[in-house]
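Student: Could you have a look at this structure, given as structure tokens, before my questions?
The values are calculated or read from the model by the stated rules, or taken from the named source; none is laboratory data. All values derive from a computational prediction rather than experimental measurement. Neighbour counts run over all protein chains shown; Cβ positions are idealised from the backbone, glycine included. Please note that ligands, DNA and RNA were not included when accessible areas were found on the heavy atoms of the full protein model with its side chains. Shrake-Rupley method; radii C 1.70, N 1.55, O 1.52, S 1.80 Å.
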Amino acid sequence: MTRISSPLPPGSTMGILGGGQLARMLALAAARLGINSHIYAPEADSPAFQAAGARTIAAYDDFAALEAFARATQVVTYEFENVPGDTAAFLDRHVAVAPGVAALKTAQDRIAEKTFLAGLGIPVAPFAEVSDLASLEAGLARIGRPAVLKTRRFGYDGKGQEKIHAGTDPAAAFAGIGGQPAVLEGFVRFDKEVSVIAARSWAGEVAVYDVPENHHENHILRTSTVPARISAAVAEKARAFGSRIIEALGYVGVIGVEMFVAGEEVTVNEIAPRVHNSGHWTMDACHVSQFEQHVRAVCGWPLGSPERHCDAVMTNILGDEINRWQELAAEPRLRLHLYGKGQARQGRKMGHFNRVTPRQA
Ligand code: AMP
């Protein structure tokens, strides 16, 4: 593992795997600190290219291109968790990679992730490993219904998931996720979904943001609201779980941890080893946004304050809602963030806005 031993000075170059909106907002935050960004993405029209000084358009398994990328950068990070394991391991031999390969492996596999969390004493939904119909039926017999069947790998925004109700045929549910290796989870009855955005530096410093309450529509995040309508004790518990996870992973960078809240109970759903959509409110409501915090962390800088100075509601702009940009731009206190994407396909994240108001609590 390659590490960073002293802070990268301004003028250094941070490599980012992935060219979507998260990479774009990382590059913008980096530019503000005098750090250059080099985006590596396979798609020629990646929105992050517009915000970075250097780009590589190549496949994630193009090892010649990856080697050149590693030589041109002083640290490499990524904006998505499905970075192929071989790609991360190859880069790690040439340049510091943060978050590290071990954290990536844990977050990429729902069984490894849940086993890791349970080992830390953090509540997770009851779960069973599913590799075929027989193991699915055995899992259902143990966990009961309703339950959720999820692919072990490569799921996001509710993709690769089937809910199993009282009348659902297990074989149909298994076929519905393509018969792939999966995890069966007990259905958690929750009042609210929240998340914790936390950061850890190479030096082991940890910063945890306030807890947002997240509202989804069609499995896609619609709004994140801070403060969440949860008790101080629940907020503290959620933040403590975030700290425990980031410390145990020896993690470097920003992490997003999604959780369910039922009464005073907090259950962790999943870990995203990257900046997270439910942390976009930090751009306008905190002293240091999650994006700047991630750049600081991976570049070996001291972390900034995660303190929140405003209340905020973050709303995602999906698909053709982007056509409302003039109306949104006309609202004086609305903070608009657009991603420079061409096609407004249905459900595509085209931008977001933050409505900030003076802090009440
Ligand atoms: P995920 O892909 O794991 O983030 O799940 C997407 C969404 O499905 C979550 O935000 C929840 O709304 C819902 N969900 C996932 N797992 C469960 C579960 N075990 N119990 C109840 N709802 C769930």
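Student: Would you confirm, using the coordinates I've provided, whether Val313 is within 16 Å of the ligand (Cβ to nearest atom) and either farther than 26 Å from Leu104 by Cβ or assigned by TED's automatic domain parsing to the domain that holds Gly20 (or both)?
Tutor: So Val313 does not fit the description; no.
Student: Applying the selection to region 31-40, what residues are out of contact with any Asp or Glu (no Cβ under 8 Å at 6 or more places or on another chain) and either free of Cβ contacts under 8 Å to residues at least 24 places away in the same chain or surrounded by 15 or more Cβ atoms within 10 Å (Cβ to Cβ) (or both)?
Tutor: Across region 31-40, the qualifying residues are Ala31, Ile35, Asn36, Ser37, His38, Ile39, Tyr40.
Student: Is there a residue in region 195-202 that is among the basic types (Lys, Arg) and either more than 12 Å from the ligand (Cβ to nearest atom) or within 30 Å of Glu292 (Cβ to Cβ) (or both)? So that I can check it myself, show each step before the final result.
Tutor: Step one: list which residues in region 195-202 are among the basic types (Lys, Arg), which gives 200.
Filter once more, keeping what is either more than 12 Å from the ligand (Cβ to nearest atom) or within 30 Å of Glu292 (Cβ to Cβ) (or both): 200.
Looking through region 195-202, at least one residue is among the basic types (Lys, Arg) and either more than 12 Å from the ligand (Cβ to nearest atom) or within 30 Å of Glu292 (Cβ to Cβ) (or both).
Every residue, every condition in (1) β-branched (Val, Ile, Thr); (2) in the same structural domain as Thr267 (by TED's automatic domain parsing); (3) touching an Asp or Glu at 6+ places or on another chain (Cβ under 7 Å), yes or no:
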site	(1), (2), (3)
Leu120	no, no, no
Leu133	no, no, no
Leu136	no, no, no
Arg153	no, no, yes
Gly167	no, no, no
Ala171	no, no, no
Ile177	yes, no, yes
Pro181	no, no, no
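Student: Same structure, new question: Please tell me if Gly178 is in contact (Cβ under 8 Å) with a residue 12 or more places away in the chain, at positive phi and away from the ligand (no atom under 14 Å from the Cβ).
Tutor: yes
Student: A further question on this structure: Of everything in region 41-76, what is in a loop (DSSP other than H, G, I, E, B) and either over 19 Å from Leu8 (Cβ atoms) or open to solvent by less than 30 Å² (accessible area, probe 1.4 Å) (or both)? Give them in sequence order. Outline the logic, then answer.
Tutor: Applying the first criterion (in a loop (DSSP other than H, G, I, E, B)) to region 41-76 yields 42-46, 52-53, 58-62, 72-74.
Passing the criteria: Pro42, Glu43, Ala44, Asp45, Ser46, Ala52, Ala58, Ala59, Tyr60, Asp61, Asp62, Thr73.
Student: If you don't mind, another one. Here are Leu117, Leu104: which of them is more than 14 Å from the ligand (Cβ to nearest atom), surrounded by 14 or more Cβ atoms within 10 Å (Cβ to Cβ) and under 15 Å from Val257 (Cα atoms)?
Tutor: Exactly one residue qualifies, and that residue is Leu104.
Student: If Val275 meets every condition in (1) within 21 Å of Met314 (Cα to Cα); (2) away from the ligand (no atom under 11 Å from the Cβ); (3) in a strand (DSSP E or B) apart from one, which number is that one?
Tutor: The failed condition is (3).
Student: Return only the number of the condition from (1) under 19 Å from the mean Cα position of the chain (by Cα); (2) among the hydrophobic types (A, V, I, L, M, F, W, C); (3) not in a loop (DSSP other than H, G, I, E, B) that Leu328 does not satisfy.
Tutor: (1)
Student: Condition first: of a type in the set (Val, Ile, Thr), touching a helix residue (DSSP H, G or I) at 6+ places or on another chain (Cβ under 7 Å) and open to solvent by less than 30 Å² (accessible area, probe 1.4 Å). Now tell me which residues in region 198-224 satisfy that.
Tutor: Correct list: Val208, Val211.
Student: Then there's this: State whether one or more residues within region 77-90 are assigned to a helix (DSSP H, G or I), within 12 Å of the ligand (Cβ to nearest atom) and not aliphatic (A, V, I, L, M).
Tutor: Scanning region 77-90 turns up no residue that is assigned to a helix (DSSP H, G or I), within 12 Å of the ligand (Cβ to nearest atom) and not aliphatic (A, V, I, L, M).
Student: Quick check on my filter: what residues within region 120-145 are open to solvent by 40 Å² or more (accessible area, probe 1.4 Å), more than 28 Å from the chain's Cα centre (by Cα) and more than 16 Å from the ligand (Cβ to nearest atom)?
Tutor: Hits for region 120-145 are Asp132, Leu133, Ala134, Glu137, Ala138, Ala141.
Student: Only one residue in Arg189, Arg244 is open to solvent by 20 Å² or more (accessible area, probe 1.4 Å), in contact (Cβ under 8 Å) with a residue 12 or more places away in the chain and within 16 Å of the ligand (Cβ to nearest atom), so which one is that?
Tutor: Exactly one residue qualifies, and that residue is Arg189.
Student: Here's something else I'd like to know. Can you report the number of residues in region 156-175 which are more than 10 Å from the ligand (Cβ to nearest atom), free of Cβ contacts under 8 Å to residues at least 24 places away in the same chain and not acidic (Asp, Glu)?
Tutor: Number of matching residues: 6.
Student: Look at region 104-121 and say how many of its residues are in contact with a helix residue (DSSP H, G or I) (Cβ under 9 Å, 6 or more places away or on another chain), aliphatic (A, V, I, L, M) and in contact (Cβ under 8 Å) with a residue 40 or more places away in the chain.
Tutor: 4
Student: Can you find a residue in region 255-271 that is more than 16 Å from the ligand (Cβ to nearest atom), of a type in the set (Ser, Thr, Tyr) and at pLDDT 95 or above?
Tutor: Looking for residues that are more than 16 Å from the ligand (Cβ to nearest atom), of a type in the set (Ser, Thr, Tyr) and at pLDDT 95 or above, one finds none in region 255-271, hence no.
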